[in-house]
1. Restrict the check to the range 315-329 and report whether at least one residue is without any contact (Cβ under 8 Å) to a residue 60 or more places away in the chain, surrounded by fewer than 17 Cβ atoms within 10 Å (Cβ to Cβ) and not assigned by TED's automatic domain parsing to the domain that holds THR179.
2. In the range 214-230, is there at least one residue being assigned by TED's automatic domain parsing to the domain that holds ALA157, closer than 16 Å to PHE12 by Cβ and either touching a Lys or Arg at 6+ places or on another chain (Cβ under 7 Å) or not in a helix (DSSP H, G or I) (or both)?
3. Yes or no: GLU296 of a type in the set (Asp, Glu) and assigned to a helix (DSSP H, G or I)?
4. Please specify each residue of the range 101-138 satisfying the condition of being within 15 Å of LEU280 (Cα to Cα) and modelled with pLDDT of 90 or more.
5. Just to be sure I understand the filter: pairs with C-beta atoms under 6 Å, separated by 6 or more residues or on different chains, first member in the range 123-134 and touching a residue at least 12 places away in the same chain (Cβ under 8 Å), second member part of a helix (DSSP H, G or I) and hydroxyl-bearing (Ser, Thr, Tyr). Which pairs pass?
6. So which residues in the range 103-127 are closer than 17 Å to SER322 by Cα and either aliphatic (A, V, I, L, M) or within 19 Å of the chain's Cα centre (by Cα) (or both), if there are any at all?
7. Show me the helices (runs of 4 or more DSSP H) entirely contained within the range 1-47 in which 3 or more residues are over 22 Å from GLY273 (Cβ atoms).
8. Specify which of the listed residues (LEU211, LEU194) is in the same structural domain as TYR323 (by TED's automatic domain parsing), in contact (Cβ under 8 Å) with a residue 40 or more places away in the chain, surrounded by 19 or more Cβ atoms within 10 Å (Cβ to Cβ) and more than 16 Å from the chain's Cα centre (by Cα).
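The values are calculated or read from the model by the stated rules, or taken from the named source; none is laboratory data. Quantities reported herein were computed from a predicted structural model and do not represent experimental measurements. Positions of Cβ are backbone-derived with ideal geometry, glycine not excepted, and every protein chain shown enters the neighbour counts.
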Amino acid sequence: MLKRAVGIGMAFIGLIVGAGFASGQEMLQFFVAFGIRGVIGAVIASVLMIVSGIAALQLGSYLLAKEHTVVFRRVSNPWVAWFLDATTIITLFSIGFVMFAGGGANMAQQFDWPVWVGAGLTLAAVLVAGMFDVNRVSAIIGAITPFIIIFMVGISAWTLLTSDYDVAALDLAARQVQTSLPNWWVGALNYLGLTAITAVSMTIVIGGNMLDTRTAGLGGLIGGGMYLALLVLAVVALYLQVGTVGDDELPMLTLVNGVHPFLGVVMSVVIFGMIFNTALGMFYALGKRLTRDRPERFRAVYVATVLVGFALSFVGFRDLVSYVYPALGYLGLVLIVVMGVGWLKRRKRIAAEIERRHRLHRLARRRLDPARAFNEEHAAEVRRIARDSVLPDAELRQAMLDEVDAVLTADPTVDYPAAGVEEPRTSPDGKRPPPAGKPEA
């Protein structure tokens, strides 16, 4: 359970720690520009993001959602669901093509390459990785994330240890940072909305691929907690060096280069990985949404949207972050309210569904284990659980059998906590029961 939750948490961070975050440009414009109050705003935004992540992952898992409209329609009325769907589609595409601009800016700042080279490399990576299924995509996103965590924590700690703490001078320098936001609390709320609307679609898809809703929620808690630490550390580090990095397109890269040029090269590669992460997540979720009625067309639509996004990416990274991101952030606040209310209203139902699925998981493991008896009483319990579940009977049973089979294949010794008392694997005399058949459940 914990291992799977950590994997979900890493994938979640990979979605929200994109080009703007890893480069430092988002933190500069949304928080550092407002001085010490911006640091307070970063704490508030990241705490609220933990709740938003848990809600999106659990709602996706609760409904086994394959794309975001499944959740939107259940937590709001048709008109609001349509609005959220439209804004999410716009966001996925917008953030996706901003990532191409970030890829170009990254390579241009570090290696003096033409912008189109970095953007082209990002394009090639996104096109190739998008041909995999959602499990492979989630694994790719999660695998790259630890590297940015190591670098963000390392450079932030170094900056905190080596910087001067003249708050008056730092606040004066911070006011020179270009931002289109009016004050610190609007910046915090806007960043929260931007992050939520950026991540919600792929987060729902990742949650929808996890039948265990409790593990999905734990993944959101783990990922959100790590995100809080990363965001606050990065904002404080950039604030302490705002006089040096305030005019750079990738201020975090400047900090790393200040420690050692070789580390700057490595950081540039890591930033490229995070840019790739976010672009992949955005366009993958967009392709899933646009082909929900024609899933066989996913690859063609995915390639087409990626190419159009690449063509639109040459406006400039800093300008795109300055104007596209705040506009999306205001739309994201509406999404947070609707999703939050929908999640809170369903807390009891989600909790009951979690217990049902845990019990069904144990019954499914019993059914698949030739050394354990599975009788008509067990089959009747399966039918009762399926009848009470929020999911259609056949979908729930098949999803459970697939998940248990995959878990047993990967590690036959693993066992998940569940409601009630675990049936003994041995009889009272210490002997295993004889193999039983597998009646229809």
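1. Filtering the range 315-329 down to residues without any contact (Cβ under 8 Å) to a residue 60 or more places away in the chain leaves 319, 327.
Filter again for surrounded by fewer than 17 Cβ atoms within 10 Å (Cβ to Cβ), leaving 319, 327.
Narrowing the set further to residues that are not assigned by TED's automatic domain parsing to the domain that holds THR179 leaves none.
Within the range 315-329, not a single residue is without any contact (Cβ under 8 Å) to a residue 60 or more places away in the chain, surrounded by fewer than 17 Cβ atoms within 10 Å (Cβ to Cβ) and not assigned by TED's automatic domain parsing to the domain that holds THR179.
2. First pass over the range 214-230, keeping only residues assigned by TED's automatic domain parsing to the domain that holds ALA157: 214-230.
Narrowing further to those that are closer than 16 Å to PHE12 by Cβ: 214-230.
Now restrict to residues that are either touching a Lys or Arg at 6+ places or on another chain (Cβ under 7 Å) or not in a helix (DSSP H, G or I) (or both): 215.
Yes, that holds for at least one residue.
3. Details: of a type in the set (Asp, Glu): yes; assigned to a helix (DSSP H, G or I): yes.
Spelling it out, GLU296 is indeed of a type in the set (Asp, Glu) and assigned to a helix (DSSP H, G or I).
4. Here is the first cut: in the range 101-138, the residues within 15 Å of LEU280 (Cα to Cα) are 101-103, 119-138.
Within the range 101-138, ALA119, GLY120, LEU121, THR122, LEU123, ALA124, ALA125, VAL126, LEU127, VAL128 meet the criteria.
5. GLY130/TYR284; GLY130/TYR302
6. ALA105
7. Details: elements: 2-16, 19-23, 25-30.
Here the list reads 2-16.
8. Working: LEU194 fails: more than 16 Å from the chain's Cα centre (by Cα).
Selected residue: LEU211, the only one of LEU211, LEU194 that is in the same structural domain as TYR323 (by TED's automatic domain parsing), in contact (Cβ under 8 Å) with a residue 40 or more places away in the chain, surrounded by 19 or more Cβ atoms within 10 Å (Cβ to Cβ) and more than 16 Å from the chain's Cα centre (by Cα).
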